[in-house]
Amino acid sequence: MTPGPESERAAWKSLVPAVKQLQEFYEYSKQLEIVFPMLLVNLCAGDPSASLSSQQALAHLLASVFDFVLRFDDSKMTNPSIQNDFSFYRRSLNRMKASKEASEDDIIKDDLANRMSLFLAYPTPMMKTLTDTTVKFLSEDKTVTKENVVQGLSVMANVCYDMVSKRRFQNTQTNLFCLRAMTGCVIMVDHISDVGAFAKKSSINMKGVITVLKGFTDAPVDGLLNAIRFNTVHASEASPQIKALLA
């Protein structure tokens, strides 16, 4: 189609549903800022190991959050057109309003659009939301200790590793769910622990985590390995053996 008003209207009509979906994802990230700390408190305020065992529905919910966050961020990383489409939407909005092509439902107000742009500017916006929220919460709220949260997430990471490495499940999607939960726990621990996830004192079996990801051939998991490489803060401090595995 030749560029012009008609092609712009067609592009706008096809773009608006995708932009509204981005708005839903952004609003979901704001909900995560509220509920994720509550989830950590319920699972880690007491004995985290006992809580993960006795509150399996909540433990599964925690794993589901990591599963969603890593799937969203992987899609965001592999689809750079997301930001380009949102930029096009913002550039076109005034013209569409002037020509009355944009309905009230199509319009995202400037302040919200600005916040969405900042959110989408990060390579992995959902994981950044989780890590920033958790670091802030643990620094301001004493309902649960940082040590307990680190312990709970470490236990979950090791349990997920164990389930995949021992082939407890045959279903590929179930194993991917466990691997995403494991990876999310590693990233979170690396952000909130004083020593990080890669230190010798770390409670997470990092050698096992990386080995099981590299050995998983039922589906692509490069995105999870990259998440550990680039979303952690202490990977550069890992032992030479771990660095070689992660390379």
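The values are calculated or read from the model by the stated rules, or taken from the named source; none is laboratory data. As the structure is a computational prediction, the values presented were derived from the model and not from experiment. Glycine gets a Cβ as well: all are built from the backbone with ideal geometry, and neighbour counts include every protein chain shown. These area figures cover heavy atoms from the full protein model, side chains too; ligands, DNA and RNA do not enter into them. Shrake-Rupley method; radii C 1.70, N 1.55, O 1.52, S 1.80 Å.
Taken together, V233, V221 contain a single residue that is of a type in the set (A, V, I, L, M) and open to solvent by 50 Å² or more (accessible area, probe 1.4 Å), which is V233. Does any residue of region 193-201 turn out to be at pLDDT below 95 and of a type in the set (A, V, I, L, M)? Within region 193-201, one or more residues are at pLDDT below 95 and of a type in the set (A, V, I, L, M). Checking the stated criteria, D85 turns out not to satisfy the condition of being open to solvent by 40 Å² or more (accessible area, probe 1.4 Å) and under 30 Å from C178 (Cβ atoms). Scanning region 236-247 for residues that are open to solvent by less than 30 Å² (accessible area, probe 1.4 Å) and among the small types (G, A, S) gives a single hit, A238.
When each of K200, K207 is tested for being farther than 21 Å from L130 by Cβ, in a helix (DSSP H, G or I), out of contact with any Cys (no Cβ under 8 Å at 6 or more places or on another chain) and open to solvent by 70 Å² or more (accessible area, probe 1.4 Å), the lone residue that passes is K207. Taken over region 108-134, residues that are part of a helix (DSSP H, G or I) and open to solvent by 70 Å² or more (accessible area, probe 1.4 Å) amount to 6.
Just so you know, in region 156-172 the residues that are farther than 20 Å from Q56 by Cα and among the hydroxyl-bearing types (S, T, Y) include one that is surrounded by the fewest Cβ atoms within 10 Å (Cβ to Cβ), and it is T172. Within region 48-59, identify whether any single residue is within 17 Å of the chain's Cα centre (by Cα) and open to solvent by 80 Å² or more (accessible area, probe 1.4 Å), and answer yes or no. Within region 48-59, none of the residues are within 17 Å of the chain's Cα centre (by Cα) and open to solvent by 80 Å² or more (accessible area, probe 1.4 Å).
Say we look at region 143-155 and pick out the residues that are part of a helix (DSSP H, G or I) and open to solvent by 70 Å² or more (accessible area, probe 1.4 Å); which of these is farthest from S203 (Cα to Cα)? It comes out as E147.
At least 1 residues being at pLDDT below 90 is the threshold, and among the helices (runs of 4 or more DSSP H) wholly inside region 1-107 those reaching it are 5-44, 81-98. Among the conditions (1) without any contact (Cβ under 8 Å) to a residue 40 or more places away in the chain; (2) assigned to a loop (DSSP other than H, G, I, E, B), T174 misses just one, which is (2). Among residues of region 211-224 that are over 17 Å from A157 (Cβ atoms), none has a beta-carbon under 9 Å from a residue that is open to solvent by 30 Å² or more (accessible area, probe 1.4 Å) and assigned to a loop (DSSP other than H, G, I, E, B) at least six positions away or on a different chain.
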